[in-house]
Amino acid sequence: MQDLPINLLRSFSVVSETRNLTSAANLLHKAPSTISMQLNRLESLVGTSLMDRGQYGVRLTPAGIQLRDQARQLLNLHDTILGGFRNNDISGQVRLGTHDQYASRTLPSLLEAFILSHPQAKLEVVCDHRPHRLTDMLEQGKLDLALVEMPADSGGGIRLKRDQLIWVCSANHRVDELKVLPLAVFEEGCYHREYARKALEKTDKPYRIAFTSQSRAGVLAAVKAGIGIGIIPAHTLEEDMAIIEHSLPPLPETDITLFIGDNANSASLRLSESIQSNTVFNAI
């Protein structure tokens with residue numbers, strides 16, 4: 001019986017998450033052609049098709065779905081074993097503050113890899129939609145790292161990626177055509193809400209707050225249900241949403257920004273390095 005190489009399973013796992021060869025190649029620092037050859041080799045070893053690759057991305061076959069979950073378990077065990085030997089000297093508390101939109105989208109796989117590779121580190125994550133609340137906690141010594149969304153070119157921190165804020169509504173409910181615009185926003189303290197208010201008031205566009213939430217999931221659910229218009233970074237656009245391009249005033253750009261506490265320990269600095277090297281956060 002032939003063994004399944006870990007590197008092939010890792011490439012397969014990343015492709016199964018991104019559903020895109022180019023995105024997976026960027027995350028793995030490999031050429032798309034290399035990823036494609038690895039997938040072909042893995043399919044040859046297991047003796048069945050794992051993915052259907054088409055113009056619009058990748059779709060897992062029934063066998064691919066089965067292997068996806070099994071590969072994740074094997075990779076987790078592998079990384080735990082290896083991390084226990086390589087990073088046994090990296091220990092201590094790691095307190096990360098971040099926005100819900102990062103904690104629910106980009107960070108899960110990165111944090112999973114970190115805790116598996118650094119079993120002696122104790123990770124704590126605090127989510128808050130108010131960037132200044134998190135940076136204040138950092139300055140007060142209550143956090144070691146803060147990954148937040150800041151106004152473009154506002155200074156401070158390590159700027160990882162620039163993004164454009166956009167207006168969105170449900171693809172099935174064009175509430176942007178109403179005379180008084182209903183907004184689905186975070187509670188006070190969120191830049192998105194403040195930017196929307198200023199932009200609409202400058203153009204005398206009537207609006208009302210129809211839905212407020214502390215979570216990204218709540219805001220997006222309200223948008224998809226047609227309760228209100230949302231304001232999101234372009235890279236977080238999801239299915240069932242429509243971009244409103246011409247009927248509303250333009251919104252500013254923002255920067256994904258990492259702040260590091262003055263007294264961050266070695267474990268916290270190691271996580272900051274992982275965040276900075278992750279291609280999802282690399283500057284455009």
Looking at Ser11, is it of a type in the set (Ser, Thr, Tyr) and in a loop (DSSP other than H, G, I, E, B)? no
Strands (runs of 3 or more DSSP E) within segment 181-284 that include 1 or more residues among the charged types (D, E, K, R), buried (at least 18 other Cβ atoms within 10 Å of the Cβ) and in contact (Cβ under 8 Å) with a residue 12 or more places away in the chain: 253-260
Go through (1) touching an Asp or Glu at 6+ places or on another chain (Cβ under 6 Å); (2) under 21 Å from Thr106 (Cα atoms) one by one and return the number of the condition Cys169 breaks. (2)
Identify the single condition in (1) in a helix (DSSP H, G or I); (2) free of Cβ contacts under 8 Å to residues at least 40 places away in the same chain that Leu27 does not satisfy, given that it satisfies every other one. (2)
Please state which of the following conditions Gly156 fails to meet, knowing it meets all the rest: (1) out of contact with any helix residue (DSSP H, G or I) (no Cβ under 9 Å at 6 or more places or on another chain); (2) on the phi > 0 side of the Ramachandran plot. (1)
Do we have any residue at all in segment 176-187 that's within 25 Å of Ser268 (Cβ to Cβ), touching a His at 6+ places or on another chain (Cβ under 8 Å) and not charged (D, E, K, R)? no
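For every residue, the table says whether it meets (1) of a type in the set (Lys, Arg); (2) under 21 Å from Arg197 (Cβ atoms); (3) touching a Ser or Thr at 6+ places or on another chain (Cβ under 9 Å).
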{"site": "Glu139", "(1), (2), (3)": "no, no, no"}
{"site": "Ala146", "(1), (2), (3)": "no, no, yes"}
{"site": "Pro151", "(1), (2), (3)": "no, yes, yes"}
{"site": "Ile158", "(1), (2), (3)": "no, no, yes"}
{"site": "Arg162", "(1), (2), (3)": "yes, no, yes"}
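Laboratory data are not the source of any read-out in this text; all were calculated from the coordinates shown. Not measured: the values here are computed from a predicted model. Cβ sites come from the backbone with ideal geometry, for glycine too, and all protein chains shown count toward neighbours.
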